[in-house]
Amino acid sequence: MIKKLRSQAWFLSAVRVLGAATLILFSYVLASSGFDFDDGRFWLLAAVVIASLLGDYVTSVALSLVAVGCLTFFFAPPTFSLRVEQEEDVVALIVFLATSIAITSLAVKVRRISEEELLQTRADLARFARVAMLGELTASIAHELNQPLAGLVSSSNACRRWLSNQPPNIDRANQTLDRIVRDADRATTVLERVRSMANNRPPRKLAVNVREAVAEVILITRGDIERNQITLESNIVDDVILVWADRIQFQQVCLNLIVNGIEALKNVVSSPRTLIIGAERDADNHVTITVADTGAGIDPSSSGKIFDAFFTSKPDGMGMGLAISRSIIEAHGGRLWASANVPRGAKFQFTMPIYCG
Ligand SMILES: Nc1ncnc2c1ncn2[C@@H]1O[C@H](COP(=O)(O)OP(=O)(O)OP(=O)(O)O)[C@@H](O)[C@H]1O
Ligand SMILES: [Mg+2]
């Protein structure tokens, strides 16, 4: 939050102006309470460091200069004047300025490093969750690969038979070779998709076709959907909705929500298991993507916590899926929220900015 504000010029100006005003007021209060030059130096240094934590290098230098002005005016004899009579006070002021700039600059630097580390940790966590999720989907992925691989074997056998005929049937052999190429392409596509989802690379925003990107995620989860006898209703009728997003991150959010939906539906015994996926354009240049299920719905006692990191109601859950999804969506300028699905189940929706060309 502060990081976002810090990138805005008005916030930095406000910190500088308010910081300077606070230093002056603080000095006045200290001086009128009888604090001397040495106390003033200590307390002003502490105040400058705290104020600098909200700003940048320029703020720390500017506030250090204001603090020197305050020390001169309120504490160095003659007080309430910008004159300094004693030579050692001039030296003390110069030392104060150098110390203050050094400490505040260091504080700004340390803060910047910890912010970068936080971002890196978040990215690592997101990747860890993604890889863990792909691990859970191994059966699904294996199933997806099994079909083209089995096709490859049987087409190769057929091809060999057509070629060993007397005379060899070249036309039929060619047709089976086409099937072999198609199956091999399909297997490669599945593998590339899995590899790109496990990859660690910085976000790259592009125009993403919602229908196509969601279809790829459905492909990865199809084995799980079929095994759990879930009916999938995909209501993405508009096939040219484009959003401005990082494709892999967009798919990760869809994957998290779809996997949560599947997990909620696994426990349903006496009513239909349906997973509904939809996408609609909004009036304000956004697309709303919906993933709804007919499971038991969100437990009312935990509805306020489901987006918290590490909150999970599942014995083997990590509680990271929704927290990561929300941070991805917010970084894209969208919103992610949950509500009850009617007549039963949970509904998760998120918005993403439309790609406007
Ligand atoms: N479709 C849903 N229906 C009901 N409750 C849900 C649904 N999706 C999420 N929840 C609730 O929100 C909690 C947090 O979900 P989240 O995806 O963040 O973590 P998780 O699924 O428990 O673990 P993981 O990190 O492996 O995804 C879940 O444990 C569950 O209680
Ligand atoms: Mg989850």
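The values are calculated or read from the model by the stated rules, or taken from the named source; none is laboratory data. It should be emphasised that the depicted structure is a prediction, and the values quoted were computed from it without experimental measurement. Here the Cβ positions follow ideal geometry from the backbone for every residue, glycine too, while neighbour counts run over all protein chains shown. Areas reflect the complete protein model, heavy atoms only, side chains present, ligands, DNA and RNA absent. Shrake-Rupley method; radii C 1.70, N 1.55, O 1.52, S 1.80 Å.
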(request) Enter the angle in degrees (range 0 to 90, nearest 10) between the Cα long axis of helix 210-227 and the first principal axis of the Cα atoms of the chain, meaning the one along which they spread out most. (result) 60
(message) With n ≥ 4 as the cut-off for DSSP H runs, can you work out [θ] at 222 nm for the chain, using -39500 (n - 2.57) per run divided by the number of residues, rounded to the nearest 500?
(response) -21000 deg cm²/dmol
(request) Leaving out ligands and nucleic acids, note down the accessible area per residue over the chain with a 1.4 angstrom probe, in whole Å². (result) 55
(message) Give me, ordered by chain and number, the residues 5 or more places off VAL287 or on other chains with an amide H under 5 Å from its own placed amide H.
(response) ASP282, MET352, ILE354
(message) Once neighbouring chains are kept in place and the probe is 1.4 Å, which whole percent of the accessible area of the range 231-357 is contributed by carbon and sulfur?
(response) 53
(message) Counting only protein heavy atoms and a 1.4 Å probe, tell me what percentage of the range 2-124's accessible area is made up of carbon and sulfur.
(response) 71
(request) Just subtract the alpha-carbon distance of SER105 and TRP43 from 0.36 nm times their residue separation and send over the number in nm, one decimal. (result) 20.5 nm
(request) Place +1 on the Cβ of every Lys and Arg and -1 on the Cβ of every Asp and Glu in the chain, take the dipole about the Cα centre, and give the residue among THR188, VAL210, GLY40 whose Cα lies farthest towards its positive end. (result) THR188
(request) Determine the dipole magnitude for the chain: charges of +1 sit on the beta-carbon of Lys and Arg, -1 on that of Asp and Glu, nothing else is charged, the reference point is the Cα centre, and the result goes in debye to the nearest 20. (result) 1140
(request) Assuming a ≥ b ≥ c are the square roots of the Cα gyration tensor eigenvalues, decide whether the range 187-322 counts as rounded (a/c under 1.5), prolate (otherwise, with a/b larger than b/c) or oblate. (result) rounded
(message) As I understand it, the dipole of the range 210-357 uses +1 on the Cβ of Lys and Arg and -1 on the Cβ of Asp and Glu, about the Cα centre. Which of ALA292, GLY345, ASN235 lies farthest toward its positive end?
(response) GLY345
(message) At 7 Å along Cα-to-Cβ for each site, give me the label-to-label distance between LYS314 and ALA9 in nm.
(response) 4.8
(message) I need the calculated FRET efficiency for the pair ASN228 and ASP282, taking r as the beta carbon distance and R₀ as 51 Å, to the nearest 0.05.
(response) 0.95
(request) Before anything else, pin down the relative contact order of the chain: Cα pairs under 8 Å, at least 6 apart, normalised by residue count, whole percent. (result) 11
